[in-house]
Structures are given as C-alpha cells and as structure tokens.
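Note sheet for the following structure.
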Amino acid sequence: MAARGRHWLAVWLVFALGVLAWVVARQTAAHVLATKLNEVRTERSVLEGRRAELLRRIRAAGSRAVLTPRARALGLRLPADTDIIILQVPTPERP
C-alpha cells in the first residue's frame with residue numbers, strides 16, 4: 001500500500017509540530033535561564049556593595065584615629081621616633 005498525499009501531509013504536519021515544540025521548549029529554557037542570570041547579577045551587585053562597605057569599615061577601624069584611643073585605654077603608648085626594638089626569632093632546641 002503506497003502512501004497517499006494525505007499521509008505525507010500528516011507526516012509533514014507532525015514533523016513541523018515537533019520542530020515547533022522543540023523551538024518553544026528551547027525558548028522557554030532560555031527565558032528561565034535569563035531570569036536566573038538576572039537574579040544572580042542582582043545578588044552579586046548586592047554582595048559587592050556589602051563587600052565595599054565592610055572594607056571601608058575595616059579601613060576605618062584600622063586607622064590611627066581609632067587605634068590610638070584604644071591603645072591608650074589599654075595602657076599602651078605610641079613609640080617615639082628613637083625607639084628601636086629588635087625582635088629575634090628563637091632558635092629551635094635540638095635534642
């Protein structure tokens with residue numbers, strides 16, 4: 001039994017519907033991926049802003065204006081220009 005014209009038409013329609021379904025699925029996956037990418041970019045920008053704020057706070061906490069009063073409260077003093085302290089590394093004892 002030879003395939004008639006309407007059979008070929010049905011085959012081509014099924015093939016076209018399959019291709020269209022594949023295109024729609026691919027576009028849907030791309031849209032979902034783009035949405036996730038935007039969310040990740042937003043989260044990254046928030047984290048970069050937080051990192052910049054934390055680095056600013058670290059620099060401020062390590063400044064002389066902050067550390068000098070804390071050192072004085074602990075009974076420490078600022079070294080004079082003529083103070084020289086030589087630190088030696090202890091040698092390990094040999095058995």
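The values are calculated or read from the model by the stated rules, or taken from the named source; none is laboratory data. As the structure is a computational prediction, the values presented were derived from the model and not from experiment. As a convention, Cβ positions derive from the backbone with ideal geometry for all residues, glycine included, and neighbour counts pool all protein chains shown.
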Residues being modelled with pLDDT of 90 or more and polar (S, T, N, Q) - total across the range 58-87 = 2
When (1) surrounded by 10 or more Cβ atoms within 10 Å (Cβ to Cβ); (2) in a loop (DSSP other than H, G, I, E, B) are applied to L47, the one that fails is (2)
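What do you reckon, is A65 small (G, A, S) and surrounded by fewer than 10 Cβ atoms within 10 Å (Cβ to Cβ)?
On the way: small (G, A, S): yes; surrounded by fewer than 10 Cβ atoms within 10 Å (Cβ to Cβ): yes.
The answer is yes for A65.
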Here is a list of conditions, (1) loosely packed, with under 10 Cβ neighbours inside 10 Å; (2) more than 26 Å from the chain's Cα centre (by Cα); (3) not aliphatic (A, V, I, L, M), and F15 meets all of them except one; can you say which number that is?
-> (1)
Could we say that E93 is out of contact with any Gly (no Cβ under 7 Å at 6 or more places or on another chain) and exposed (fewer than 10 other Cβ atoms within 10 Å of the Cβ) here?
-> yes
